[in-house]
Amino acid sequence: MRRHGLFLRLLVFMIAAFGVMAAATSLLSGRELNNSMVREYEGRAVALARSIADGNTEILLSRNAGAIQAAIDLHQEMGGLSYILVVDPQGEVVAHTFTPVVPEEVMAIVREAPGKAHFGAGHDTRTLLLAPDTEVIHVAQPILGVFLAFVAMAFFFIRGITGPLRELSAYAQRVAKHDFSATCEVRSKDEIGSLAEAMRSMAGQVSGHVNQLEQSVSEATSGLQDAWARSRPLSATSPTACWWWTRPGSSCGTTRPCSGCSAWKART
Amino acid sequence: MSLRASTANASGETLRVGLAALCLVPSRVSGVVLTLALCLVLGWPGAARADKHELVFGMSAAFSGPARGLGMEYFRGLMASFEHTNAHGGAGGWRLVLSLRDDGYDPLPALSNTIGFVEQERVFALLGYVGTPTTARVLPLLKHYESEHMVLLFPFTGADLLRERPFDPFVFNLRASYFDETRGLVEALIAAGKRRIAVFHQCDVYGRNGWDGVRRALKAHGLSIAASATYRRGAVYTQDFRREVGLLLAARPDAVITVGTAPACAAFIRDARDAGATLPIATLSFADADNLVKFLLAQNRVTSRDYTAGLIFSQVVPSFADPRLPAARLYRQAMDHARVALPAQLMREEYVPNSRSFVSFEGFLAGQVLAEAVRRMADAPTRARLASVLLGMRKLDIGIGEKVSFGPGRNQGLRRMYLVVYRNGGFENVKALPKGWP
């Protein structure tokens with residue numbers, strides 16, 4: 001889990017940031033759309049109410065509610081229209097398109113203007129935001145699509161950054177354990193690429209220093225051996241001077257040929 | 001788009017039904033009549049076909065959908081009358097032929113059907129349209145065809161729109177209006193002590209017309225509607241009206257007048273009775289009492305409750321069972337002999353016809369008045385003459401105890417409404433409702 005900590009943190013952050021942006025965009029554009037639609041519907045409703053009122057003077061004068069209903073029924077199929085309502089000067093609703101009854105909020109609007117004949121046409125704005133086929137949903141759907149595409153892009157982008165970092169981290173750990181045979185294939189022309197380059201050169205330098213150190217130690221050791229050998233006569237054939245000091249397989253550091261340090265170590 | 005679709009649909013359904021009996025035909029026209037009897041005649045132009053002595057009338061009505069019962073029954077009554085007339089030598093020698101188109105009680109198909117009748121088929125006149133919203137939509141078209149003297153005869157609707165300016169010169173109504181019907185119902189209910197009256201009505205011109213009628217009748221008594229609720233046109237019997245019932249019952253009414261179609265009113269009555277309301281519920285003639293009772297009798301069998309009690313039906317024709325009425329006797333005889341069936345092309349939905357019904361009786365009477373009008377201009381029938389002949393018709397006795405009169409400013413032949421209740425398995429005319437009924 002810790003190995004993916006940065007990846008997850010970045011991904012969560014980006015999803016959150018994109019999510020907030022998408023939600024804010026949806027809400028703001030939805031609100032703006034809603035407002036503009038309400039304005040448009042209001043204009044349409046007023047125009048419709050006026051056209052019914054102006055175009056049916058003869059019917060209105062006859063005061064036949066059936067004829068008025070016939071006039072408003074003609075407009076009932078208009079897209080987005082929620083209702084048409086006609087109120088006489090006594091405040092009585094003489095024709096409407098509601099089933100089963102005129103809602104109380106509409107009656108409240110009617111009561112606000114007493115003593116006037118009232119032609120109202122309206123739209124239920126709640127449906128603008130909530131209904132499954134409304135304009136706002138139509139706007140929010142592509143935003144959601146773009147958001148999901150962004151999340152997918154963010155996933156690959158973050159993986160493109162954290163992947164080389166993870167590789168560099170593994171390389172550094174191997175070098176720390178003196179494994180100078182480890183390689184690092186991260187190569188790019190950005191900051192991560194120069195970090196990889198720096199680490200590779202650092203590992204090379206460290207490796208050189210270590211080798212040099214080993215050489216110095218080895219020389220110092222053989223000097224000491226020579227001094228010791230001079231102080232104690234040794235059989236020329238006895239290779240006891242062979243000193244295994246580092247690890248199996250490395251050179252024994254004696255000035256004389258020997259048949260193999262490992263074997264000697266085993267014998268001594 | 002829907003208008004175009006409807007047009008295409010409707011024109012495919014056009015049929016002319018020429019029905020005549022095979023006997024009792026004068027020799028002069030017998031050859032023609034026998035050739036055409038009981039067969040479908042596909043249209044050719046010319047409404048008054050002088051060579052065939054035939055007059056074609058265009059009927060657009062609901063032959064499909066929830067209101068199809070009305071279209072079917074009105075057609076059956078009209079055809080029984082046509083058949084009777086044609087079997088007796090036609091109307092002054094003219095065979096009466098009906099061309100049918102289905103509008104499904106929808107205004108737009110009714111509009112396109114009418115254009116088809118006038119411009120393609122060139123029918124002699126439009127006859128027997130069924131329904132207020134459909135007929136109301138056709139009215140501006142009639143004004144448009146004013147120069148061709150196109151008139152609409154005896155539509156099955158009591159809409160007052162058809163009886164007033166500016167459309168009254170283009171329509172001849174036989175039946176009483178919805179104002180007449182609702183006034184009669186309100187008067188009867190008030191006389192029985194019911195003063196708080198609620199209205200359940202269709203949310204369109206028909207329902208509003210009935211609502212307005214109730215409102216005006218109550219206003220004459222200083223009263224107003226206790227509560228009203230609406231429903232969308234096209235409701236079927238299975239629709240749940242418990243909410244509407246609750247809204248109306250909350251106003252504690254003494255009675256409810258419904259202004260709707262048979263399935264909607266039957267469903268409302270069912271839900272009101274199920275809610276425990278025993279108050280009187282009234283319907284208008286358009287609710288088709290015969291089909292409405294059929295729905296409720298089926299419901300009776302399901303729940304063992306009497307749904308037909310406490311109902312009052314307004315009718316615009318007297319009882320067809322009344323033996324004193326010559327027209328009722330002739331109607332029963334004609335219906336018994338009639339071989340009227342809707343053309344298969346229009347029978348898209350199952351319908352079991354009523355052997356006799358108020359609606360078909362009204363159709364029969366309309367056919368009889370039309371035949372008399374044709375007789376009066378038999379020497380040379382034209383559309384222009386048809387209107388003047390009808391306008392000149394005064395106190396025509398059609399055998400129902402009421403006389404038919406038309407005249408300038410009066411395009412409605414009959415004014416009377418009848419109160420009917422369902423009792424002991426049949427309809428009964430009543431003069432008034434007993435106090436405290438039901």
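Laboratory data are not the source of any read-out in this text; all were calculated from the coordinates shown. Please read these numbers as outputs of a predicted model, since none were measured by experiment. A quick note on method: Cβ atoms are made from the backbone with ideal geometry, for glycine too, and the neighbour counts reach across all protein chains shown.
The HN-Hα couplings worked out from phi for segment B:342-350 by the Karplus form 6.51 cos²θ - 1.76 cosθ + 1.60 (θ = phi - 60°) are 5, x, 4, 5, 9, 8, 8, 10, 5 Hz, whole numbers, x standing for Gly and Pro. Which of B:K143/B:K395; B:K219/B:K403; B:K194/B:K219 have a Cα-Cα distance over 20 Å? Violating the 20 Å Cα-Cα cut-off are B:K143/B:K395; B:K219/B:K403. Calculated [222 nm] ellipticity per residue, helices only, for chain B: -12000 deg cm²/dmol; basis is -39500 (n - 2.57) per DSSP H run with n ≥ 4, divided by all residues, nearest 500. Annotation: amide H of B:N173 within the under-5 Å range of B:F154, B:Q412, B:G413, sequence separation 5 or more or interchain, hydrogens built in the peptide plane.
Take every DSSP beta bridge whose two residues both sit in chain B; close to 40 percent of them are antiparallel. To the nearest ten degrees, helix B:326-337 and the longest principal axis of the Cα atoms of chain B are 70 degrees apart.
When the GluC sites (Glu not before Pro) in segment A:38-107 are filtered for DSSP coil states and for at most 13 other beta-carbon atoms within 10 Å of their beta-carbon, the remaining sites are A:E77, A:E92. Taking amide H positions as modeled 1.01 Å from N, with prolines and chain starts lacking one, the residues under 5 Å from B:A282 and 5 or more places away or on another chain are B:V256, B:I257, B:T258, B:I312. Helix B:27-36 and the longest principal axis of the C-alpha atoms of chain B enclose an angle of approximately 60°.
Could you work out the mean count of beta carbons from other protein chains within 10 Å of each residue's beta carbon in B:200-210? Don't skip to the answer; put the middle values down first.
Working: counts 1, 1, 1, 9, 8, 12, 4, 2, 13, 6, 2.
Average neighbour count from other chains, rounded to a whole number: 5.
Couplings 3J(HN,Hα) of segment B:242-252, computed from phi: 5, 5, 5, 4, x, 4, 6, 5, 4, 8, 6 Hz, in residue order, whole Hz [Karplus 6.51 cos²θ - 1.76 cosθ + 1.60, θ = phi - 60°; x for Gly and Pro].
Listed by chain and number, the lysines whose C-alpha is less than 30 Å from the C-alpha of A:K177, apart from same-chain residues fewer than 8 away, are A:K189, A:K265.
Helix B:68-87 against the longest principal axis of chain B: what's the angle in degrees, Cα atoms only, rounded to the nearest 10? Between helix and principal axis, roughly 40 degrees.
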